[in-house]
Amino acid sequence: MSNGLNAKVALVTGGTGGIGSAICIKLAQAGCKVVSTYTNETQAKAWQATMAEAGYDIALVKCDVSSFDECKAMGEQLNADFGGVDVLVNNAGITKDGTFRKMGPEQWNAVINVNLVSVFNVTKQFVDGMMSKGWGRVINISSINGQKGQFGQTNYAAAKAGMHGFSMSLAQETAKKGVTVNSISPGYIGTEMVMAIPEEVRNQIVAQIPIGRLGKPEEIAALVTFLASEDGAFITGANIAANGGQHMC
Ligand code: CAA
C-alpha cells in the first residue's frame, strides 16, 4: 500500500548531521526525492558521496538557515528546480551550552537564530506552495529540553520550546489546506552533539533514562517518516516525545 510519499520532495535542514542523515535515508527509502541544506561544502560533498555509495541520491543546497536572504534564494531555487517542497523537516540545530550567568549575547543569539529564527526563514519559503497544492508536511525537530528545561541551556531550551509554539499556531492556519505541522521532541540521541557533553555529565543523564540507553537517530527518523506519510494525516499541532521515558507529560 502506498505511504503517499512516492516522488514527494523533502527538504531536510542540516540533513548532513547525526539525526539529519537518518531522516534523509528514511525519507529516501520511503520514496521521497530528498534535498539537504549544508553550510560546509567539503564536509557536505563527502557526506553526499557516502550516501551515494549506500544507494541514496540526496541533493544538496547551500544555505545558512539563520539568514532570511539565503533562505529566500534557496526557496526560489528549489521552487524552480523541484516545483516546491512537499515535506519540510526543520532539523538544523546547534548548542552553545553554559550557565545563564556565564552566557553572553553571542551564545544566546547564535542558538536562537540557528534553532528558532531559521524555522520562520525556511518555512516561509514553502508554505504558500504547500497550501496551494492542498498537501504538505512541516516537521520541526524540537527537544526534550524545550519541554523540561536543562541546566546550562537557557538559550537552547527557549528556542526548542519556541519551535513548538510555532508548530501549534501554524497548524491552525494550514489545517484546512491539507498541510500538517508538528514537532518531535527527541531525548538524548547518540549523536556528536550529545557525545560532546562531558562524559561524567553524560553518564548522569543516561542514568535518568528509564529505557537505560541513548536513543538512535533511526528512531527519530522513523517518527518523521510516519508524520510525513498518509498515515500521519490526522496528526497536526502535536509535539511527539521520543526520549526513552526520561520526561513524561
Ligand atoms: N542541576 C543542578 N546543578 C547542577 C547541574 C544540574 N543539572 N549540573 C551542574 N550543576 C552544578 C554543579 O554541581 C556545580 O555546582 P558547584 O559549583 O556547587 O560544584 C555547578 O552547577 C557548575 O557545574 P559545572 O562545573 O558543570 O559548570 P560548568 O560551567 O563547567 O558547565 C554546563 C556547565 C556547560 C552546563 C555543563 O554542566 C554541561 O555541559 N551540562 C550538560 C548540558 C546538557 O545536557 N546539554 C545537552 C546537550 S545535547 C542536546 O541539547 C540535544 C538534545 O536536544 C537533548
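Being in a strand (DSSP E or B) and surrounded by fewer than 21 Cβ atoms within 10 Å (Cβ to Cβ) is the filter here; which residues of the range 10-49 pass it?
Hit for the range 10-49 is 33, nothing else.
Which residues, taken from the range 50-72, are in a helix (DSSP H, G or I) and more than 23 Å from residue 109 (Cα to Cα)?
Within the range 50-72, 50, 51, 52, 53 qualify.
Give 64, 86, 97 a once-over and let me know the one that is touching a Lys or Arg at 6+ places or on another chain (Cβ under 9 Å), touching a residue at least 12 places away in the same chain (Cβ under 8 Å) and acidic (Asp, Glu). So that I can check it myself, show each step before the final result.
Values: 64 fails: touching a Lys or Arg at 6+ places or on another chain (Cβ under 9 Å); 97 fails: touching a Lys or Arg at 6+ places or on another chain (Cβ under 9 Å).
The match here is 86.
Determine which single condition residue 10 fails, assuming it passes every other condition in (1) in contact with a helix residue (DSSP H, G or I) (Cβ under 8 Å, 6 or more places away or on another chain); (2) of a type in the set (Gly, Ala, Ser); (3) free of Cβ contacts under 8 Å to residues at least 24 places away in the same chain.
Only one criterion is unmet by residue 10, namely (3).
Quick one: count up the residues across the range 192-201 that are under 14 Å from residue 95 (Cβ atoms) and more than 8 Å from the ligand (Cβ to nearest atom). Even if it seems obvious, please write down each step before you answer.
Initial filter on the range 192-201 (under 14 Å from residue 95 (Cβ atoms)): 192-198, 201.
Filter again for more than 8 Å from the ligand (Cβ to nearest atom), leaving 192, 195.
The total comes to 2.
Which residue pairs have Cβ atoms closer than 7 Å, lie 6 or more positions apart in sequence or on different chains, and pair a first residue in the range 128-155 that is farther than 28 Å from residue 86 by Cβ with a second residue that is of a type in the set (Val, Ile, Thr) and not in a loop (DSSP other than H, G, I, E, B)?
155/111; 155/112
Search the range 123-156 for residues being away from the ligand (no atom under 16 Å from the Cβ) and among the aromatic types (Phe, Trp, Tyr), and hand back the single one that is farthest from residue 35 (Cα to Cα).
Residue satisfying both the conditions and the ranking: 135.
Out of all the residues in the range 202-214, is one or more away from the ligand (no atom under 16 Å from the Cβ) and modelled with pLDDT of 95 or more?
Yes, the range 202-214 has at least one match.
The values are calculated or read from the model by the stated rules, or taken from the named source; none is laboratory data. Since this is a predicted model, take the numbers as computed values, not measurements. Quick reminder, even Gly has a Cβ in these numbers, built from the backbone with ideal geometry, and neighbours come from all protein chains shown.
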